[in-house]
Each structure stands twice: as C-alpha cells, then as structure tokens.
Amino acid sequence: MSEPEPRLVAKGICKSFLGFKALDNVDFSIRSGEIHALLGENGAGKSTLIKVLTGVVKADSGVIVLNGEPVAVRDTLHAQQLGIGTVYQEVNLLPNLTVAENLYIGRQPKRFGLVDARSMRRQARALLAQYDISIDVSAQLSSFSVAVQQLIAIARAVDMSGAVLVLDEPTASLDSHEVELLFAVMRKLRARGIGIIFITHFLDQVYAVSDRITVLRNGRVMGTHESKLLSKVELVSLMLGRTLAAATEHGRRLAPAASERKISFGQFGRARSIAPFDLTIGAGEVVGVAGLLGSGRTETARLMFGVDMPDSGSIEIEGRPVRIASPRAAIRFGFGLCPEDRKADGIIGDLSVRENIALALQARHGWFKRMSTREQTDLATRFVKALDIRTTDIEKPVKLLSGGNQQKVILARWLATQPRFLILDEPTRGIDVGAHAEIIELINRLCDDGLALVVISSEIEEIVAYSTRVRVIRDRVHVGELTGNDISTGNIMRAIAQEGAAQ
Amino acid sequence: MMSSRLLPFYATVVICVLAYAVCVFQFPNMLSTRVLGNLLTDNAFLGIAAVGMTFVILSGGIDLSVGSVIGFTGVLIAVLISWYGVHPLAAFFIALVIATAFGAVMGAVIHYLDVPAFIVTLAGMFLARGMAFVITTESIPIKHEFYSTLSGLFVRMPGGGRITFIGGLMVLVFVAGIMLAHFTRFGSYVYAIGGNKVSAELMGVPVARTTIAIYALSGFLSGLAGIVFSLYTSAGYSLSAVGVELDTIAAVVIGGTLLTGGVGLVAGTFVGVIIQGIIQTYIVFDGTLSSWWTKIVVGLLLFAFIALQRLLVVLSARKGSLRGAIP
C-alpha cells in the first residue's frame, strides 16, 4: 500500500479541563498535500484539538509527530517556528495597522536599525500577488472586506508555516464568491504539499474541498473517512450520534387535544439571522427544534424571546396580537428562555441556589418590592424538592453544583414565574447521562402540566423522545416540520442533510 | 492609512491654526517669534511628559503617576544638588534611573499580575508623591552655576524669539518619539497591543517586554520632564506638578489619539500641547481673565474631540457593515 507520507500525526491525545474530558484518546493524522476536514458539533473537541496542535494548551498525554519526528509544542510562537500556521476562528489580525505591518509584524525588514517600510511594502505586495490579491498594502487593514482580511491572515500564516495550515471556520463570514476564492487558494496550497486542516459547519463546503473527513464527538474520534466514500446522511449521523441511553425512550408522545391557549408567530424573521417562519404552539405541546450548529436554531430562540428584534412578523397570544420589544416584555407575557451557554447567559455562579431561583420572580415583582428571605427560602426549597436538585444546602453557590443541577436551577428560576411558554436552548449540553434522562423526564412532566415548550437540541434521539412536533432548520430557514409517526431519528437526519423527507 | 483615522489629527491642526489666528487678530503682538519661543519653553515639561503618555495611551493603557514622578524628580534633584552637593549631571542620571525603574516596575505589575493600568499607576501616583513628601515638604531652591548656564542657553530666532535649552529639548523628544512610533518594531508593537492585545499575542508580538518598555519609557520621560521643570523653576517642591498627568492626557486626546488605544500620532500630541499653550498665552495677554479659563476651554475641547472620535468610529462601523453587505 502506498499511503502518502503523513505530515503530522497526533496519537492518543487526552486533555481534561477540571475533570471534564475534552479529548479522549484522540488519534488524528494529516498527510502532505491534503485538505482534511475536522467536523463535530460544539463542544466535540475540535478547538481543543487545534489548541493542542498549535501549542495554545498542553495535552495531558499523547504524542505529536511532525514530519516523522516527535515534537513538544511549547507555545504559539514555537508552533509557528515548527511550521504549523493557524488562522483562528475570528480574524486574528490588527485592524488598526496597515496590511504590510500585519503581514510582517515582529519580523519587519530593517535598515540602519529602523524599519525599512519600503522593502516591507515590496515584500508584502509580492506575497499577496501569489494569492492574486493586488491591493494597497500601506492602507489600513480595516479598510478591506472580511474576505480580503481572511486571505491576508492566511497569507501570513502560510508564509510563516509551510508544513501544516489550520483554518478554524474561515468561511463563517464569507459570501459564496469569497468562499470560492478561498477554496482556490486552498487547492493551490494543497498542490504545494501543505497539509490543511479545515474546520467548518457547512457540510456542502466540506464536500466541495476536502479529501478526508474526521468526525469528533464528545472528545472522541468517531472515524476518519475519504470524503468521496461518506454520504451526507452517514456524516450527519456520525456528528450527532445515536448513543443516547435507551432509558429515555417512553414511546411517542401524543399530541395533546387542540388547546385554546395558543401562541402563534406569523412570518417572524430577521435579515441575516433567520428567514421568516410561522410557528403556532399550544399548551402541553413540545416543539423540538433540530438542525446543525449555526443553522439558525439559537437565532430563532432569541427572536421569539425578544432579545433580537424581528424585521417582520407578528405574535398572537390566545388570539390577541401583542408586541414584544424586549426580554422584559416577553417575561411579562409569561415567556421564558434558558439560553444555550448557561455559564455565560444563565446562572450567576457566585450567588446561592436560593438567590438564583428567586431572581426572575424578583425581577417580575420589580426591584422595590423585595422578596423577603423567607419567601425566597420557601420558593427555593419547594423547587429543590420538586426538581430533585442535588445540593447540600440552598445557600450553596450555584457554581459548585454539577452541570445537570445548574440546569435544573435555571429551569426552577423560570418555573417560579409560572410561565406559559418556555424555550430551552440545549438543555442537556455538558450534562452526564444520568442527569440527561432526568432533564428529559422533567420536560415531559412540564408538558403534561400544560406548559408550551420549544426545545432546541443537537441530540436527535432526545428530540425524538419528547417532541410532539419537530421543526427542522437548515441554513437559516425553517425547512420542514415532522409530526406524529414521522418523527424518527432517520427522518430528522435526512431532513437536516437535505435529502427531502420533510415536506 | 485611512484618512478618516487621521481626521481628529487634521481637526486638531485646523483648531490650532484657527486659535492662533484669533489670538493674533485680537492681539497683533502675539504674531512674533518671541511668543512662539515662550510657547515652547513654558510647555516644555508638559510636552515631554505627553510624549510618554502618548505611547501609553496608544497601547491602550493610562499612566496616572506622571505628575507625581515629575514632582518627585524635582525634589530629589534639588535635594541632591543643594543639600548633598552632587553635580547636576549626576543628579539627573540618578533621577532618570529611578524614574525609569519606577515605570518599568509598574509595567511589570500591569502585565504579569494582569491588573488594570489605571489602578497600578494610581498606586504609583500616591507612592511617588508620598516619596517626594518624605524627602522634604519644603520648596528647595537650586543654586548652581551649571543650572543657570543650562537655563540661560538659547538660540536666537529671527524677530528676537529664543529657543531655550528646555524648549529645544522638548522638540527633540517629540522628533525622537515620532521616529520611535513609526519607524521601529517597538512602535508597531505599541500600536499592535493597543489594537488588540490577544491578536497581538497570537501574532507573536512580545507583549510582556513591550508593556514593560512602554511604562519604563513613560517613567523616563516623566523624570526628564521633572528635570526640565526644575530647570524652568530653579527649585524643587513636593507639591509641584499636581494633576499634570491629566493635562498630558488632555493633550494626547486633543491631539487625536484614541483613548482606547491603537490609533493616534505623536505629532498630534505636540499640537495638543501647543493648543493648551496658546489658550494660556491668550489669557495672559488679555490680563482680565482668570487663568482657570484655560481649564474650561480645554474641558470643552476634550468633549468636542471625544464626541468627534466617537462619531468617526460609528461612521466607519456603518461603512464597514455596508461594505460587508455588498461584495
């Protein structure tokens, strides 16, 4: 077998953060002259793997072999010296400097001890000419489009590396023409023998440019495949997995009898965020929202909760048109949102369980009518019991609780306000399997109590387990809805992979 | 460079020229090289300290210890010369070494302990002022032959104006500052850190070394400003130069440097200093106005410039999003 020589091999990489296994025995290799797509949902371990390879963080165990020699990458500068160039997710350049300065900062040519600006500009022009870019290199970087900036970042990374190039979501802010331009550059570099690691969420782009695909899920490699031999459906199922414990399978939920208490969103949309959609949800319903990361799931939630303003559309609650201009207004109408990143947007880690639970209710009372500590204690005790929140004490800071219990605290906070409509964005992310099942159980119970729920999740089996209807979102458009017996993992995956199962 | 980035600088230049024209219109006597020479001499210490402040602000930081370091240096020099009979040159050397080290330590604390520059230099401000008081609370006159020679040095301009030693020194410091900012790697590192520290670090800019050097430079120039101030007043007093750091910050901002860092010119700071000088001169010529009017006008100018910069940022952001929308 004449396998091409691998450029970079990572073997048995493990990395834990505070006991959470971000990478679990990961093997990954990239050949010379190959574009290798690295895929996985958020938190799958892609960025941690990249950080290990480029020296931003150190692996707990495992070896990295570059061009046949084992290396220990100390820091980003060392990685650059070893020939590993990286373009990080956000364009990491300096918008306040000129293009030439951005390309050569730290290694400017000197003459008589001073920076030789003229020869720096000449070199910069020559460098960019290789990418068919001819621009004024003495102009400020910020005066160019994001696409050009991205190409400049790549030119810099390639110029400093030459062995391996890592592109972390380089296309997120590019339009289709700019993406083509980038792909042309990538193919050129591949022909030069550079190994390119390409991270993206856009599956079409993966197939357009990559030679091989490695899928990560929960810190493990789910497999490395030739792009040509892997179908989209197979890829999606690798990314989203089918491993959720069967414990949550209760059989299909039945759609509740049509309820009068309905909330309907009509032609709700926002430019560059999510195309207009219709959604009607009645009490006792759970609408699952499925789609890949970046497809517009979270945007849908933010729009419905009044975080972002819609450009178009209307809301009716029980037949009455209303206007929701802010999350405060949404809360007044009995809406609630448990955001995706609970650390950043949800819990307040240093406050106690009691204070966190009382927060939303207190906010609704207004700040001048303070809830007494006793009221708060009663409230917290009730919910700790009802939701089975495992804490030794309701005065314990929330940050000391496990992920699942933190999630329950947020749920309790909203339930305390007695909402009619609750949006849960990834309620089970980063939660161990046991707590997972409990949260799902809880969702089912809430629904029986007559709450209208929208649950966004990457775990398709989970969505199947509790949804009465399933919305599928792809590329910022609500592309279909599955109901009744059509709800199955296979159908949802096909709808996401655009092979037309949903109407 | 994009011209809108330089707009605050151009605005400053226009205001400076206009202000001078207004003065000359009212007091024709102000159109003389004498006034120009005095403008340089009277604002020499402010200008020198403002060069250091420009680098600090360009890097996204702030240095509140400037005035205290000037006061401390002045007292230290006066005591060394008058009480201990040290030669002025040796006293200068000692003062500069201490001031530079003081700045370097603040820079190291800011970087390694990751404490906001505002807090660290606030502590530095109290520390330096306190040290000045510990040395002496009295005003110490400096009587030394070398001193009178130095402060007597001047170059005559056509029209009878004099460029004194300290005025000339300020101009030299500005020229050196401009070279440092625009023609050295250190200069580009300063802009890089002010633009985005995280990006700068990922691009391989030596952030630690540069941060320390920036505050050391500011300390050194504050020390130099202290020397110039003692030459100017021929005395050292622990209460002198209180609040000068705020005047230098005003000069830097009026000169078109963005307070958030990354954008600005050392030359702009020069114009900023001169504008303050012109206002002061106007008040002196007028004779009836309180000298506090300087502060009022400077305050108004600051407001105007911060508003202008904010406006430019908003406008360029809007332009940027348009550009993003239309490929």
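The values are calculated or read from the model by the stated rules, or taken from the named source; none is laboratory data. In this text the structure is predicted, and so the values were computed from the model without any measurement. Note that each Cβ is placed from the backbone with ideal geometry, even for glycine, and that neighbours are counted across all protein chains shown. Surface areas here come from the heavy atoms of the whole protein model, side chains and all, with no ligands, DNA or RNA. Shrake-Rupley method; radii C 1.70, N 1.55, O 1.52, S 1.80 Å.
Consider B:ALA117 against the criteria (1) open to solvent by 40 Å² or more (accessible area, probe 1.4 Å); (2) under 20 Å from B:THR211 (Cβ atoms): it satisfies all of them except one. Which criterion is unmet?
Going through the list (1) open to solvent by 40 Å² or more (accessible area, probe 1.4 Å); (2) under 20 Å from B:THR211 (Cβ atoms), B:ALA117 breaks only (1).
Restricting the search to the range B:11-54, which residues are over 19 Å from the mean Cα position of the chain (by Cα) and outside any helix (DSSP H, G or I)?
B:PHE27, B:LEU31, B:SER32
Applying the selection to the range A:139-160, what residues are open to solvent by less than 40 Å² (accessible area, probe 1.4 Å), more than 8 Å from chain B (Cβ to nearest Cβ) and over 16 Å from B:GLY195 (Cβ atoms)?
A:VAL148, A:GLN150, A:LEU151, A:ILE154, A:ALA155, A:ALA157, A:VAL158
Looking at the range B:11-28, can you tell me whether even one residue there is under 27 Å from B:TYR232 (Cβ atoms), open to solvent by 30 Å² or more (accessible area, probe 1.4 Å) and in contact with a strand residue (DSSP E or B) (Cβ under 8 Å, 6 or more places away or on another chain)?
Taking every residue of the range B:11-28 in turn, none turns out to be under 27 Å from B:TYR232 (Cβ atoms), open to solvent by 30 Å² or more (accessible area, probe 1.4 Å) and in contact with a strand residue (DSSP E or B) (Cβ under 8 Å, 6 or more places away or on another chain).
A:THR392 - would you say it is at pLDDT 85 or above, of a type in the set (Ser, Thr, Tyr) and more than 30 Å from the chain's Cα centre (by Cα)?
Values: at pLDDT 85 or above: no; of a type in the set (Ser, Thr, Tyr): yes; more than 30 Å from the chain's Cα centre (by Cα): yes.
Criteria not met by A:THR392.
With the condition kept exactly as written, say whether any residue in the range A:319-338 is without any contact (Cβ under 8 Å) to a residue 40 or more places away in the chain and touching a helix residue (DSSP H, G or I) at 6+ places or on another chain (Cβ under 7 Å).
yes
Looking at this structure, is B:TYR215 open to solvent by less than 40 Å² (accessible area, probe 1.4 Å), facing chain A (nearest Cβ under 8 Å) and either at pLDDT below 95 or assigned to a helix (DSSP H, G or I) (or both)? Let's see the steps before the verdict.
Values: open to solvent by less than 40 Å² (accessible area, probe 1.4 Å): yes; facing chain A (nearest Cβ under 8 Å): no; either at pLDDT below 95 or assigned to a helix (DSSP H, G or I) (or both): yes.
When the stated conditions are applied, B:TYR215 does not pass them.
Could you list, in sequence order, all residues of the range B:154-169 that are exposed (fewer than 14 other Cβ atoms within 10 Å of the Cβ) and part of a loop (DSSP other than H, G, I, E, B)? Full working, then the answer.
So in the range B:154-169, the residues exposed (fewer than 14 other Cβ atoms within 10 Å of the Cβ) come out as B:155-156, B:158-160.
If the condition is that a residue be exposed (fewer than 14 other Cβ atoms within 10 Å of the Cβ) and part of a loop (DSSP other than H, G, I, E, B), then B:PRO158, B:GLY159, B:GLY160 are the ones that fit.
Tell me, please, whether a residue that is crowded, with 17+ Cβ neighbours inside 10 Å and at pLDDT 85 or above can be found in the range A:247-263.
Yes, that holds for at least one residue.
Which condition number does B:ILE57 fail, the rest of (1) more than 14 Å from chain A (Cβ to nearest Cβ); (2) buried (at least 24 other Cβ atoms within 10 Å of the Cβ); (3) touching an Asp or Glu at 6+ places or on another chain (Cβ under 9 Å) being met?
(1)
Of the conditions (1) open to solvent by 40 Å² or more (accessible area, probe 1.4 Å); (2) within 14 Å of another protein chain (Cβ to nearest Cβ), B:ALA208 fails just one. Which one is it?
(1)
Would you tally the residues in the range B:295-327 being exposed (fewer than 14 other Cβ atoms within 10 Å of the Cβ) and at pLDDT 80 or above?
Matching residues across the range B:295-327 total 7.
Any residue at all in the range A:172-179 that's in contact (Cβ under 8 Å) with a residue 12 or more places away in the chain, within 12 Å of another protein chain (Cβ to nearest Cβ) and of a type in the set (Asp, Glu)?
yes
Does B:HIS182 meet the test of being within 14 Å of chain A (Cβ to nearest Cβ), of a type outside the set (Ser, Thr, Tyr) and assigned to a helix (DSSP H, G or I)?
Numbers: within 14 Å of chain A (Cβ to nearest Cβ): yes; of a type outside the set (Ser, Thr, Tyr): yes; assigned to a helix (DSSP H, G or I): yes.
In short, yes.
Name the pairs whose Cβ atoms lie under 7 Å apart, with the first residue in the range B:150-161 and over 16 Å from B:ASN29 (Cβ atoms), the second assigned to a loop (DSSP other than H, G, I, E, B), and 6 or more positions between them or separate chains?
B:SER151/B:SER234
I need the helices (runs of 4 or more DSSP H) fully contained in the range A:19-138, keeping only those with at least 2 residues that are of a type in the set (Lys, Arg), open to solvent by 10 Å² or more (accessible area, probe 1.4 Å) and within 14 Å of another protein chain (Cβ to nearest Cβ).
Qualifying helices (runs of 4 or more DSSP H): A:117-129.
Tell me, yes or no, whether the range B:240-256 has at least one residue that is closer than 23 Å to A:MET120 by Cα and in a helix (DSSP H, G or I). Quick ask: steps written out before the conclusion?
Taking the range B:240-256 as the starting set, the residues that turn out to be closer than 23 Å to A:MET120 by Cα are none.
Checked the range B:240-256: no residue is closer than 23 Å to A:MET120 by Cα and in a helix (DSSP H, G or I).
Any chance you could count how many residues in the range A:164-178 are under 28 Å from A:THR48 (Cβ atoms), of a type outside the set (D, E, K, R) and open to solvent by 10 Å² or more (accessible area, probe 1.4 Å)?
3
Kindly provide the set of residues from the range A:339-358 that are outside any loop (DSSP other than H, G, I, E, B) and at pLDDT 85 or above, ordered by number. Explain how you work it out, then say what you get.
Step one: filter the range A:339-358 for residues outside any loop (DSSP other than H, G, I, E, B), giving A:342-346, A:352-358.
If the condition is that a residue be outside any loop (DSSP other than H, G, I, E, B) and at pLDDT 85 or above, then A:SER352, A:VAL353, A:ARG354, A:GLU355, A:ASN356, A:ILE357, A:ALA358 are the ones that fit.
From B:LEU202, B:LEU224, B:LEU172, grab the single residue that is within 14 Å of another protein chain (Cβ to nearest Cβ), open to solvent by 10 Å² or more (accessible area, probe 1.4 Å) and of a type in the set (A, V, I, L, M). Steps first, please.
On the way: B:LEU224 fails: within 14 Å of another protein chain (Cβ to nearest Cβ); B:LEU172 fails: within 14 Å of another protein chain (Cβ to nearest Cβ).
Result: B:LEU202 is the single residue among B:LEU202, B:LEU224, B:LEU172 that is within 14 Å of another protein chain (Cβ to nearest Cβ), open to solvent by 10 Å² or more (accessible area, probe 1.4 Å) and of a type in the set (A, V, I, L, M).
Looking at B:SER218, B:SER230, B:SER238, B:SER234 in this structure, which one is in contact (Cβ under 8 Å) with a residue 12 or more places away in the chain, out of contact with any strand residue (DSSP E or B) (no Cβ under 7 Å at 6 or more places or on another chain), within 21 Å of B:TRP83 (Cβ to Cβ) and of a type in the set (S, T, N, Q)? Talk me through it step by step, then tell me what you get.
Details: B:SER218 fails: within 21 Å of B:TRP83 (Cβ to Cβ); B:SER230 fails: out of contact with any strand residue (DSSP E or B) (no Cβ under 7 Å at 6 or more places or on another chain); B:SER234 fails: out of contact with any strand residue (DSSP E or B) (no Cβ under 7 Å at 6 or more places or on another chain).
From the options B:SER218, B:SER230, B:SER238, B:SER234, the qualifying one is B:SER238.
Which one is farthest from B:VAL120 (Cα to Cα) among residues in the range B:185-199 that are open to solvent by 30 Å² or more (accessible area, probe 1.4 Å) and free of Cβ contacts under 8 Å to residues at least 12 places away in the same chain? I'd like the intermediate steps shown before the answer.
Here is the first cut: in the range B:185-199, the ones open to solvent by 30 Å² or more (accessible area, probe 1.4 Å) are B:185-186, B:195-198.
So of that shortlist, the ones also free of Cβ contacts under 8 Å to residues at least 12 places away in the same chain come out as B:185, B:198.
Values: B:ARG185: 26, B:VAL198: 21 Å.
Taking the candidates together, the pick is B:ARG185.
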